[in-house]
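Here it is: the structure, laid out below.
The values are calculated or read from the model by the stated rules, or taken from the named source; none is laboratory data. All values derive from a computational prediction rather than experimental measurement. Cβ placement follows ideal geometry from the backbone for every residue including glycine, while neighbour counts extend to all protein chains displayed. Quick note on the areas: whole protein, heavy atoms, side chains included, nothing else; ligands and nucleic acids left out. Shrake-Rupley method; radii C 1.70, N 1.55, O 1.52, S 1.80 Å.
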Amino acid sequence: MEKRAYIETYGCQMNVNDTEVIFAILARAGYARTEVMEEAQLILANTCSIRDNAEQRIWGRLEVFDQQRKARPGTLVGIVGCMAERLKDKLLDTHKVDLVVGPDAYRSLPRLLEAVTPDRPQMDVLLSREETYADITPVRTDRNGISAFISIMRGCNNVCSYCVVPYTRGAERSRDAHSIVREACDVYARGYKEVTLLGQNVDSYLWKSQDESVNFARLLEMVAAIAPDLRVRFATSHPKDISDEVIYTMAAHPNICRHIHLPVQSGSTRLLEKMRRKYSREWYLERVTKIRSVMPDCGLTTDVIAGFCSETPEDHADTLSLMEEVGFDWAFMFAYSDRPGTLANRTMVDDVPAPEKNRRLNEIIALQNRKSLERYRAQIGKTVEVLVEGPSKRDPAMLCGRASNNMMCVFPAAGRKAGSYAQVTVVDCTSATLICE
Ligand code: SAH
Ligand code: SF4
Ligand code: F3S
């Protein structure tokens, strides 16, 4: 009987792509993918450490996996990804996991699976300066066959003081540009119509060979040149690094989607300094002005942290006023979570009390909801091109798909097929969906 592996994925889109790489590696060890935990001989959680609540969720899942392990002896349970890297053998001490594998060690999974026994759990959490899994063709796990994620780099060389990623993912390295283009060509040939290029800081992408040097703008061009009906998206951009060259390259290629995810974190320059973001409020606003002057229709989204160390009511007011001024389409908004080992954890005091953090977060969320509605309303009357993804979740008689600026649209099916492009006119909206005809 063929063995089966079941993987639950938490955290960012990079983890979604890593899970696809893990399935490809597991196939070499004789494991086929299953979506049913109860029939799997191998159960993995690909985990996230970004905030404490992300880890708490995994501890809860581990109990559920452990029941499987007890009910079906021989079933293996493993923790992979960022939490594996952060907690290492502390996870083995729980006696609830057989495998602990960090983000740069997935190639050793077949070897670890050979060696593992119930009383000999296995661990590999070595970080690497080179690993990019460039030669591995991910087993796509998306449901629609239209939109694929492609990792273009791994790790992060920034040291934002609140962030665990540099510790869990290691140093930044860029993947061979030609392997990225090959992977994009391959998914396009299989019917995909959209690729999203992923990295923690895509603007610092830089791949060099003996006679070539490819930066992010050049990579965008190379991928955009594959086919005019292949949409190109990317995330995440860093405000300190997003260059005019990237902005002009987007503008020059209609198939590079008009959307930039540009995490601001805070609107207070004093706090941005403490966060070690290496830009000021003014710098951020200038980048926004530049983007909008070159691409007036560009969608802008962001991440915001409420209640970072020493944040005063004035700092918080600066965040609100920046959000008011920019008018993001939507945002990911978080209460600051102190992470062991980070610079903030070692050198600053997490001194905004939880209730106050949450009060500020709720203010940020309320403001953003109002802004989202404004931004979506401003689209009413416009005709936009959408890439049809499939039936709408709410109303199966309708289809859904994204506009270039990343806003979700719903529209009548009218015989259209998933994977095709449609011109639709916006007639109404909520704060998260454009309703079109
Ligand atoms: N590389 C990206 C973001 C990666 S993490 C960037 O630099 O923008 C995704 C988001 O999680 C961050 O943008 C930040 O808003 C949030 N985040 C990271 N660490 C956090 C922490 N300790 N507490 C709360 N939110 C955090
Ligand atoms: Fe974390 Fe900063 Fe790197 Fe983003 S750029 S992953 S926030 S350290
Ligand atoms: Fe989480 Fe690791 Fe991504 S900490 S956000 S899964 S890089």
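Beta carbons within 10 angstrom, averaged per residue: use that to sort the peptides 136-144, 301-309, highest first.
Answer by packing, highest mean first, reads 301-309, 136-144.
In addition: Between segment 187-247 and segment 255-326, how many Å separate their Cα centres?
22 Å
Right, another one. Based on the Cβ-Cβ distance of residue 289 and residue 212, what FRET efficiency does E = 1/(1 + (r/R0)^6) give at R0 = 41 Å, to the nearest 0.05?
Step by step, r from the Cβ atoms, then E = 0.75.
About its Cα centre, how strong a charge dipole does segment 342-419 have in debye, to the nearest 20, once Lys and Arg get +1 and Asp and Glu get -1 at the Cβ?
I would put it at about 220 debye.
Among 126, 44, 322, determine the one that fluctuates most according to a GNM of the chain built with springs between C-alpha atoms less than 10 Å apart.
Highest fluctuation among the options: 126.
Please quote Rg/Rh for segment 264-340 to two decimal places, taking the Kirkwood radius as Rh and restricting both calculations to Cα atoms.
With Rg and the Kirkwood Rh in hand, the quotient comes to 0.98.
On the principal axes of its Cα set, how long, how wide and how thick is segment 116-157? Give whole Å, largest value first.
43, 30, 18
Taking the alpha carbon gyration tensor of segment 383-436, what are the square roots of 5 times its eigenvalues, largest first, to the nearest whole Å?
Equivalent ellipsoid semi-axes, largest first: 15, 13, 10 Å.
Run the dipole for segment 3-124 about the Cα centre, Lys and Arg Cβ at +1, Asp and Glu Cβ at -1, nothing else charged, and hand back the magnitude in debye, nearest 20.
The dipole of segment 3-124 has a size of about 180 debye.
Could you run the Debye sum over the Cα atoms of segment 320-395, one equal point scatterer each and no solvent, and tell me log10 of I(q)/I(0) at q = 0.14, 0.16 Å⁻¹, two decimals?
These q points yield log10 I(q)/I(0) values of -0.70, -0.81.
Equivalent ellipsoid semi-axes for segment 62-136, as square roots of 5 times the alpha carbon gyration tensor eigenvalues: give them largest first, rounded to whole Å.
Square roots of five times the eigenvalues give 23, 13, 10 Å.
Of all the accessible heavy-atom surface of the chain, with the other protein chains kept in place and a 1.4 Å probe, what percent is carbon and sulfur?
Solvent-exposed carbon and sulfur of the chain make up 52 percent of the total.
A further question follows. Ranked from highest to lowest mean number of other Cβ atoms within 10 Å per residue, what is the order of the peptides 158-165, 417-424, 70-77?
158-165, 417-424, 70-77
Relative to the compact-globule scaling 2.2 N^0.38 Å, provide the ratio for the alpha-carbon radius of gyration of segment 86-201.
Expressed relative to 2.2 N^0.38 Å, the Cα Rg reads 1.25.
Same structure, new question: With both bridge residues required to lie in segment 144-241, what share of the DSSP beta bridges run antiparallel, to the nearest 5%?
Looking only at bridges with both residues in segment 144-241, the antiparallel portion is about 35 percent.
To check my understanding: the extent here is largest minus smallest coordinate of the Cα atoms along each principal axis. What are those three numbers for segment 212-264, in Å, largest first?
So the extents along the principal axes, rounded to whole Å, are 32, 27, 16.
Now for a separate question. For segment 290-377, with every protein chain kept in place, what is the accessible area per residue (1.4 Å probe, Å²)?
Averaged over the residues of segment 290-377, the accessible area is 42 Å².
Moving on to the next point. Given the options 134, 184, 397, state which has the largest fluctuation in a GNM of the chain using a 10 Å cut-off (strictly under) for Cα springs.
Highest fluctuation of the listed residues: 397.
Follow-up question, since we're still on this one. Where does segment 142-257 land on Rg(C-alpha)/(2.2 N^0.38 Å)?
1.06
Take the alpha carbon atoms of segment 3-49, find their center, do the same for segment 333-350, and report the distance between the two centers in whole angstrom.
After rounding, the separation between the Cα centres reads 30 Å.
Using a cut-off of 21 Å between alpha-carbon atoms, which lysines can reach residue 193, once sequence neighbours fewer than 8 places away in the same chain are excluded?
Counting by Cα, and skipping residues close in sequence, residue 193 has these lysines nearby: 393, 417.
Here is a further query. When the convex hull of the Cα atoms of segment 157-217 is projected onto a plane and the area is averaged over all directions, what value comes out in nm²?
5.5 nm²
Let me ask something additional. Would you look at the GNM of the chain, springs on alpha carbons closer than 10 Å, and say which of 172, 38, 221 moves the most?
38
Run through all the Cα pairs of segment 3-124 and give the fraction in each 5 Å bin from 0, expressed as whole percent.
Here the calculated profile for segment 3-124 is 2, 12, 24, 28, 22, 10, 2.
Here is a follow-up. Show that you can apply the helix-only estimate: for the chain, add -39,500 (n - 2.57) for every DSSP H stretch of four or more residues, divide by all residues, and state [θ] at 222 nm to the nearest 500.
Mean residue ellipticity, 222 nm, calculated: -10500 deg cm²/dmol.
Same structure, new question: Considering the chain, what Rg and Dmax in Å follow from its alpha-carbon atoms?
Here Rg and the maximum Cα pair distance are 22.2, 65 Å.
Place a +1 charge on the Cβ of each Lys and Arg in the chain and a -1 charge on the Cβ of each Asp and Glu, then give the dipole magnitude about the Cα centre in debye, rounded to the nearest 20.
420 debye
Additional query: Which value, in Å to one decimal place, does the Kirkwood hydrodynamic radius take for segment 272-315 when every pair of different Cα atoms is included?
Computed over Cα pairs of segment 272-315, the Kirkwood hydrodynamic radius comes out at 12.4 Å.
Also, quick follow-up: In bins 10 Å wide, starting from 0, what share of all Cα pairs of segment 309-437 does each bin hold, as a percent?
P(r) over segment 309-437, rounded to whole percents: 12, 32, 23, 18, 14, 2.
For segment 184-234, which trypsin sites (Lys or Arg not before Pro) are both in a DSSP coil and crowded by at most 10 other Cβ atoms within 10 Å?
190
Output the Kirkwood hydrodynamic radius of segment 15-73, Cα pairs only, in Å rounded to one decimal.
That comes to 12.9 Å for segment 15-73.
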